[in-house]
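Student: Can you keep this structure in mind? I'll have questions shortly.
The values are calculated or read from the model by the stated rules, or taken from the named source; none is laboratory data. What you see is a predicted model; the values in this text were computed from it and never measured. Don't worry about glycine lacking a Cβ; one is built from the backbone with ideal geometry, like all the others, and counts go over all protein chains shown.
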Amino acid sequence: MSGSIKDRVAIIGMGCTRFGELWDKGPTDLVVDAVEDAYADAGVEAKDIEALWGGSIFTAHGGRFFTEALRMQYIPATHVVNACASGQDAMRNAAYSVAAGIYDIVLAIGVEKIKDEGMSGLPGMDNRTHTHAVATMPGVFAIMATKYFHRYGLTPEEGKTMLAKISVKSHANGSLNPKAHLRNTLTIERVLNAPIIAWPLGLFDCCGVSDGGAAAILTSAERAKEFRKDPVYIKALQICGTPSSGRITTDYDYTHVEESYRAGVAAYREAGVTDPRKEISMAEVHDCFSITEAVTMEDLQFSPRGKVKDDIDAGVFELNGALPVQPDGGLKCFGHPIGASGIRMVYELYLQLQGRADKRQLKEPKLGLAHNLGHEPYAPLCSVCIVGL
Amino acid sequence: MTQPAPASPLFWRLTPEVYRLIGIKCQDCGHISYPRTRICHECGSQNIKEYKLPKKGTVHTYCVNWAPPPQFEPPITPVIVDLEGGGKYQGLMTETATPEDVKVGSEVEMVLRKVNTDRGLNVYGYKFRLVEEQ
């Protein structure tokens, strides 16, 4: 493999809706709001867009959904469906088209109007053996927490307290973000005393269920400065597909996600990162549940295996820590409108890199990482995107 | 989002996995996989044979789900079970007095039970119960 996306494609505009229970909006409203926001940010118009890729699981059915919403006239439009990585994969496809020299200005969109689907959470989706039907998403991630506590010798109280600190941190960040769905702050006691959803996970170990949309406008690195003085460059865009071996074989340990690790390794190689803990300035990771964030810190090599608790206790991932994670509040506070999440994460990194993150602004971040984990931990599809100035 | 209605139990009896518990054993590396695969996920060999899973094992991990899918009464206790001799099965516990009776490492055995009723059709499958101490 000789090709690399590093520094070949730039983000020149981004947009993001407020996330939440947006009963007063329709799916097309979210697309138009996010994209108009991105047009204004980039200083381009609809007629400048040469092609688009849109990520969504439930809301869109084909590229037509996006072109119709935006009155995009007769341009190529592709609907990208790739589990929780749909948004990042839309951006990846859009970026590759620019890197290939086919288009100059393209649009990547992510949207989901998930409240309209009548779900209080995402269901398990595979019925092949009659056994998976028992799974809910909180359930399939809860079994990781049980095993993680067992493997590393944490009592349920120690383990749940470790996880509670993750949610308290994310809500502290989300409370500073006007676009977040859940803006309340939490205490460890409140997290620990919340109703159980799937033991050991309680209500505040689970992300919200929210509607939202986000969009990015990309162009070549050569042209980027025509549009703005501070474009953000793509350093790595990696997707790690899964053989689902964790589900099928005997030896999966339920305390790590191999696909997250490998997506990270590939992205670090592409971006030229050799010491992720030191070189990555901030990360938006797939915290669908608190345990997912904990394990992801180890999978992305921010913390040694089995040691994330030490870093959580030391505040490493807090807004003023050495490696802030979920500076915008994460899935915890934004919920997970599936197609939108990946681009929403990059939106926060983009604002932070440009110094536009207001009360959440970090001190001169250099590299930001966004990570998605789709499906279940034993059969996931993972994406990692790294962006920088 | 609604899932498609289940097929009749009559037809599920014909599939290798659901009731007959057929997985595969790799003839090159010996690894046991379930559900069946055409290619061994451990070593990549296609030299595989059907393998009937044993019904006993130990709990690898579990949770106690108080917000289960709609046709289930909470709480349910999903478990991942390491089967005797290799192979893994994901199922529900049954016949436990309280969910706290289940631990990582608990010895369990499969029993055929009704899993749920979905749009008028009974869905049957294997559940696990604790093996009584001798």
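Student: Of the residues in segment A:159-180, how many are in contact (Cβ under 8 Å) with a residue 24 or more places away in the chain and either of a type outside the set (Gly, Ala, Ser) or part of a loop (DSSP other than H, G, I, E, B) (or both)? Break it down into steps so the answer makes sense when it comes.
Tutor: Residues of segment A:159-180 in contact (Cβ under 8 Å) with a residue 24 or more places away in the chain: A:159-167, A:169-180.
Applying the additional criterion that residues be either of a type outside the set (Gly, Ala, Ser) or part of a loop (DSSP other than H, G, I, E, B) (or both) yields A:160-163, A:165-166, A:169, A:171, A:173, A:175-180.
Here the count works out to 15.
Student: Can you pull out every residue in segment A:137-168 that is over 16 Å from B:ASN65 (Cα atoms), in contact with a helix residue (DSSP H, G or I) (Cβ under 6 Å, 6 or more places away or on another chain) and small (Gly, Ala, Ser)?
Tutor: Hits for segment A:137-168 are A:GLY159, A:ALA164, A:SER167.
Student: Please tell me if A:ARG92 is at pLDDT 95 or above, under 19 Å from the mean Cα position of the chain (by Cα) and either surrounded by fewer than 23 Cβ atoms within 10 Å (Cβ to Cβ) or within 24 Å of A:CYS385 (Cα to Cα) (or both). So that I can check it myself, show each step before the final result.
Tutor: On the way: at pLDDT 95 or above: yes; under 19 Å from the mean Cα position of the chain (by Cα): yes; either surrounded by fewer than 23 Cβ atoms within 10 Å (Cβ to Cβ) or within 24 Å of A:CYS385 (Cα to Cα) (or both): yes.
Yes: the conditions hold for A:ARG92.
Student: Look through A:GLY139, A:GLY159 and report the one residue that is at pLDDT below 95, small (Gly, Ala, Ser) and either in contact with a strand residue (DSSP E or B) (Cβ under 7 Å, 6 or more places away or on another chain) or surrounded by fewer than 24 Cβ atoms within 10 Å (Cβ to Cβ) (or both).
Tutor: Numbers: A:GLY159 fails: at pLDDT below 95.
Selected residue: A:GLY139, the only one of A:GLY139, A:GLY159 that is at pLDDT below 95, small (Gly, Ala, Ser) and either in contact with a strand residue (DSSP E or B) (Cβ under 7 Å, 6 or more places away or on another chain) or surrounded by fewer than 24 Cβ atoms within 10 Å (Cβ to Cβ) (or both).
Okay, residues lined up against (1) more than 7 Å from every other protein chain (Cβ to nearest Cβ); (2) at negative phi:
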| position | (1), (2) |
| --- | --- |
| B:ILE80 | no, yes |
| B:GLU84 | yes, yes |
| B:GLY87 | no, no |
| B:GLU95 | yes, no |
| B:THR98 | yes, yes |
| B:SER106 | yes, yes |
| B:LEU112 | yes, yes |
| B:ASP118 | yes, yes |
| B:ASN122 | yes, yes |
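Student: Looking only at residues in segment A:182-231 that are within 14 Å of chain B (Cβ to nearest Cβ), touching a Gly at 6+ places or on another chain (Cβ under 6 Å) and assigned to a strand (DSSP E or B), which one is surrounded by the most Cβ atoms within 10 Å (Cβ to Cβ)?
Tutor: If we take residues in segment A:182-231 being within 14 Å of chain B (Cβ to nearest Cβ), touching a Gly at 6+ places or on another chain (Cβ under 6 Å) and assigned to a strand (DSSP E or B), then A:ALA198 is surrounded by the most Cβ atoms within 10 Å (Cβ to Cβ).
This table checks each residue for (1) among the small types (Gly, Ala, Ser); (2) farther than 26 Å from A:GLU376 by Cβ; (3) part of a loop (DSSP other than H, G, I, E, B); (4) modelled with pLDDT of 95 or more.
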{"residue": "A:ARG262", "(1), (2), (3), (4)": "no, no, no, yes"}
{"residue": "A:ALA266", "(1), (2), (3), (4)": "yes, no, no, yes"}
{"residue": "A:LYS278", "(1), (2), (3), (4)": "no, yes, no, yes"}
{"residue": "A:THR292", "(1), (2), (3), (4)": "no, no, no, yes"}
{"residue": "A:VAL295", "(1), (2), (3), (4)": "no, no, no, yes"}
{"residue": "A:SER303", "(1), (2), (3), (4)": "yes, no, yes, yes"}
{"residue": "A:LYS309", "(1), (2), (3), (4)": "no, no, no, yes"}
{"residue": "A:GLU318", "(1), (2), (3), (4)": "no, yes, yes, yes"}
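Student: Then there is this: Scan segment B:47-54 and tell me whether some residue there is farther than 22 Å from A:TYR378 by Cα, outside any strand (DSSP E or B), within 8 Å of another protein chain (Cβ to nearest Cβ) and out of contact with any Pro (no Cβ under 9 Å at 6 or more places or on another chain).
Tutor: There is no residue in segment B:47-54 that is farther than 22 Å from A:TYR378 by Cα, outside any strand (DSSP E or B), within 8 Å of another protein chain (Cβ to nearest Cβ) and out of contact with any Pro (no Cβ under 9 Å at 6 or more places or on another chain).
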